[in-house]
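See structure below.
Read-outs: derived from the displayed coordinates by stated rules, not from any lab. Please read these numbers as outputs of a predicted model, since none were measured by experiment. Note that we place each Cβ from the backbone using ideal geometry, even for glycine, and neighbour counts take in every protein chain shown.
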Amino acid sequence: MMKDVIIKEFEYNQAGLDELKEKTANGEKNLEESILFEYPTVYIINDDKKDKYRQKYNVYVGETNNIYQRTSQHLKDDIKSREDWELLLKAQQAKMYVVGHEHFNKSMTLDLEDKLMLYMSSVESVKALYNRRTNQQKYYYPHEEAQDIFNSMWNKLNKKNSILFPDMALLQNLAIFKASPFHKLTEEQLFAKEQILTTVKEALKKEETGQLVMVSGEAGAGKTVLMSNIFNELVNGKENLKIHLLVNHDEQVKVYEQISKKLGWGEKAVLKPTTFINNHQKQNAKVDVVFVDEAHLLWTQGKQSYRGKNQLDDLLGLAKVVIIIFDKNQVLNTTQIVEEKKLELLEQKAKESGNFIHLKNQMRMDAEKETIEWIRNLIDEQKVTILRKKDEKYDLQVFDSHMSWKKILKRKTNLTLILIMKMEFLE
C-alpha cells in the first residue's frame, strides 16, 4: 500500500538551515527523515505579511535532489544576484515546507512543481510567485500516481495554512486558474507551441515587421492556455524581447493583469489593442512579438477612440510577429475584424507562410467523440442528427415541452448535462 506524503515545516533562515543540516547529517534517520532528506523533494518558501489588513505572500516553488544543499544556495548565493531571494531572506516571518514521498523521483518532482505553480499562481493571497519556469513531463514511472499524491499534498498544506493553500475546487473554478500558463499541454498544443516558437525565432533575425500567425479553434480547444504558456516562456527567456499581450475584453484584461503581477511579466505587458496602437504609433516604437487574445474583438475604423483603418493591419506594422488567437464562430458583427472575406484573406496569408494552426481537441467536455460531433452539428449547422452511441457521462435528450424535461430533471440526482431545445426550427 502506497504511503502518504510527508511534510516538514522549517524556518526559512540560518536557524532553519542549521536544523536541516542537523537532520541530514544524522546517520540514524528514521524512514520519514530518509525520505525527506535523501530522496528528491518539492518545497515551497513563503513570507507572511499583512497588506491592507489581508494576508499576502511572496512565494517560491522548487524541487531538488538535495534539500539542504539547495536551501544553502538560496540563502547564501542566490541573494547576491536576485532581488526576490533577498526579499525572502529579509522577511521577518518566512517559512519553508519540504514535501517528500517514497515514490518521488526527478520526473515526478518536476511534474509536481509544475502543478504547484498552476495552483499557487491562482491563489488570491499570493502576491508574487518567483519561480516561473515550466518543466512539463510526459510519461514516467509512476506518473499515474502523480495526481493522487498532489491532491494529498495540497490537502495537507491546506490544513497548515488555508489562506495560502485554499480548497482546490475553489481554485479550479477561477478564471485566473483557467488562463494559467502552467497547465500541462496536450500533444497538439506542444506541436503548435514548437511551430510558433520557430516562427518567432526566425522572425527575430530580420528587421521586418508583419509576420502573421493565426491560432484558430473552437471554445475549449485550449487556445488561451497555449497562448499564456508561450507568452510566459518568451517573457522569461534570455532574449529580453519587447513583447505584449493584447486583450479587448475588460474581464479578461483583469485576469491577465493578475497573472502578470504574480509572475512579473512587466507593468505594461498586458494592454488593450487601442492603447498599444496609439502609444506605439505616436512614438514610432516597434516591438518584437504581439499576442492578441480573442482577435475577433479587434476593431475597424470609427470605433470609439480608434481612428485607424484596421487594428490588425496597424499591429502588423508595429511588430515583427503578430500571433492572433480567435474562434470564427464567435464573430458577432461587422465592426469586428473577422468578416467572412477578411477571414479568408487572413487564413490564406497564414497558410501560405505555414503559420496557420487549427486546434481540434475539445478539453472542456469529457465526452465521447460522437457526442461532441452531435452538439457541434446542432450549434454550427442547426441540424439534429441521430446519436447512435450512448454516452456514459452525458445524457442528451430532445424535448417538445418544458414540462417533460422538468419531470426528467427531478428524477436526475447526478446530472451532467441536459440539452433543452425548442422544436420550431425543425418544422
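Report, to the nearest 10°, how far helix 369-381 tilts away from the longest principal axis of the Cα atoms in the chain, using its own Cα long axis and a range of 0 to 90°. Relative to the chain, helix 369-381 is tipped by roughly 40 degrees. Placing unit charges on the Cβ atoms only, positive for Lys and Arg and negative for Asp and Glu, gives the chain a dipole magnitude near 980 debye about its Cα centre.
A simple count of charges around Pro40, restricted to other residues whose Cβ falls under 10 Å of its Cβ and scoring Lys, Arg +1 and Asp, Glu -1, yields -1. Shown for Ser404, Ser81, Ser228: other C-beta atoms within 10 Å of each C-beta, ranked fewest to most, produce the order Ser81, Ser404, Ser228. Taking the number of Cβ atoms within 10 Å of each Cβ as an exposure proxy, the fewest-first ranking of Ile196, Ile67, Ile386, Ile375 is Ile386, Ile375, Ile196, Ile67.
In the range 1-82, what GluC sites (Glu not before Pro) fall in a loop by DSSP, with at most 14 other Cβ atoms inside 10 Å? Present the calculation step by step, with values, prior to reporting the outcome.
Details: sites: Glu9, Glu11, Glu19, Glu22, Glu28, Glu32, Glu33, Glu38, Glu63; in loops: Glu28.
Answer in residue order: Glu28.
Among Lys49, Lys95, Lys320, a tally of other beta-carbon atoms within 10 Å of each Cβ gives an order, fewest to most, of Lys49, Lys95, Lys320.
Apply 1/(1 + (r/R0)^6) to the Cβ-Cβ distance of Lys205 and Asn135, taking R0 = 25 Å, and write down the FRET efficiency to the nearest 0.05. Working shown, then result.
Details: r = 28 Å, r/R0 = 1.11.
According to the calculation, E is roughly 0.35.
Per-residue 3J(HN,Hα) values for the range 58-72, derived from phi via the Karplus relation 6.51 cos²θ - 1.76 cosθ + 1.60 with θ = phi - 60°, read 9, 10, 10, 10, x, 9, 7, 8, 8, 5, 5, 4, 5, 5, 4 Hz in sequence order (x marks Gly and Pro).
Taking the DSSP bridge list for the chain and keeping only pairs wholly inside it, about 50 percent are antiparallel.
For GluC sites (Glu not before Pro), the sites in the range 147-213 that DSSP calls loop and that have at most 12 other Cβ atoms within 10 Å are Glu207, Glu208.
Residues in the range 144-151 carry Karplus couplings, in order, of 5, 8, 4, 5, 5, 5, 4, 4 Hz; the curve used is 6.51 cos²θ - 1.76 cosθ + 1.60 with θ = phi - 60°, and Gly or Pro positions show x.
Partner lysines whose Cα lies under 22 Å from the Cα of Lys206, excluding those fewer than 8 positions away in the same chain, are identified as Lys193, Lys238, Lys242, Lys286, Lys320, Lys349, Lys351. Centre-to-centre, using Cα atoms only, the range 167-228 and the range 246-293 are separated by 16 Å. Close amide H contacts of Ala179 (hydrogens built in the peptide plane, cut-off under 5 Å, sequence separation of 5 or more or a different chain): none are found.
Here the label points at Glu11 and Asn173, each 7 Å from Cα along the C-beta direction, are separated by 4.0 nm in the simple model. Taking amide H positions as modeled 1.01 Å from N, with prolines and chain starts lacking one, the residues under 5 Å from Val292 and 5 or more places away or on another chain are Leu246, Ile323, Ile324, Ile325. Residues in the range 32-43 carry Karplus couplings, in order, of 5, 5, 4, 5, 6, 10, 10, 9, x, 9, 10, 8 Hz; the curve used is 6.51 cos²θ - 1.76 cosθ + 1.60 with θ = phi - 60°, and Gly or Pro positions show x. Restricting to DSSP H runs of at least four residues, report the calculated mean residue ellipticity at 222 nm for the chain, -39500 (n - 2.57) per run over all residues, nearest 500 deg cm²/dmol. Rounded to the nearest 500, the figure is -12500 deg cm²/dmol. Expressed as an acute angle from 0 to 90° and rounded to the nearest 10, what is the orientation of the C-alpha long axis of helix 340-352 relative to the principal long axis of the chain? Roughly 50 degrees, rounded to the nearest 10.
Relative contact order for the chain using alpha-carbon pairs under 8 Å, separation at least 6, rounded to a whole percent? Before the final figure, lay out each step's value.
Values: 660 pairs, mean separation 56.6, N = 427.
Once normalised by length, the contact order is 13 percent.
If R0 is 60 Å, the Cβ-Cβ spacing of Gln93 and Glu352 corresponds to a FRET efficiency of close to 0.55.
Placing unit charges on C-beta atoms (Lys and Arg positive, Asp and Glu negative, everything else neutral), compute the dipole magnitude of the range 118-212 about its Cα centre in debye, rounded to 20. List each step's numbers first, then the result.
Values: 13 positive and 11 negative charges, 85 e Å.
My answer is approximately 400 debye.
For the range 187-359, the direction-averaged projected area of the alpha-carbon convex hull comes to 9.6 nm². Size descriptors for the range 6-173 (Cα atoms only): Rg and Dmax, in that order, 15.5, 47 Å.
Taking chymotrypsin sites (Phe, Trp or Tyr not before Pro) as exposed when DSSP calls them loop (any state but H, G, I, E, B) and at most 14 other Cβ atoms lie within 10 Å, what is the longest stretch of the chain free of them, the sites themselves excluded? Numbers along the way, then the final one.
Values: sites that count: Tyr53, Tyr139, Tyr140.
Free of exposed loop sites, the longest segment is 141-427.
In degrees between 0 and 90, to the nearest 10, how far off the longest principal axis of the chain does helix 187-204 point, with axes built from Cα atoms? The helix 187-204 is inclined about 90 degrees to the chain.
In the chain, a dipole from Cβ-located charges (positive for Lys and Arg, negative for Asp and Glu) runs towards its positive end, and of Met153, Asn310, Ile375 it is Asn310 whose Cα lies farthest in that direction.
Report, as a whole number in µm² per second, the diffusion coefficient that Stokes-Einstein gives for the chain at 25 °C and 0.890 mPa s using the Kirkwood radius over alpha carbon pairs. Diffusion coefficient, whole number: 100 µm²/s.
Based on the Kirkwood radius over alpha-carbon pairs, what is the Stokes-Einstein translational diffusion coefficient of the range 105-153 at 37 °C with 0.692 mPa s viscosity, in µm²/s? Don't skip to the answer; put the middle values down first.
Values: Rh = 11.6 Å.
The diffusion coefficient I find is 283 µm²/s.
When each of the peptides 157-163, 313-319 is scored by how many other beta carbons lie within 10 Å of its residues on average, the order from highest to lowest is 313-319, 157-163.
Of the residues Ile35, Ile7, Ser125, the one whose Cα sits farthest toward the positive end of the charge dipole of the chain, with +1 on the Cβ of Lys and Arg and -1 on the Cβ of Asp and Glu, is Ser125. When the GluC sites (Glu not before Pro) in the range 215-271 are filtered for DSSP coil states and for at most 14 other beta-carbon atoms within 10 Å of their beta-carbon, the remaining sites are Glu239, Glu267. Where both bridge residues fall in the range 187-359, DSSP classifies roughly 10% of the beta bridges as antiparallel. Determine the relative contact order of the range 6-173: mean sequence separation of Cα pairs under 8 Å and six or more apart, normalised by residue count, in whole percent. Averaging sequence separation for qualifying contacts and normalising by length gives 27 percent for the range 6-173.
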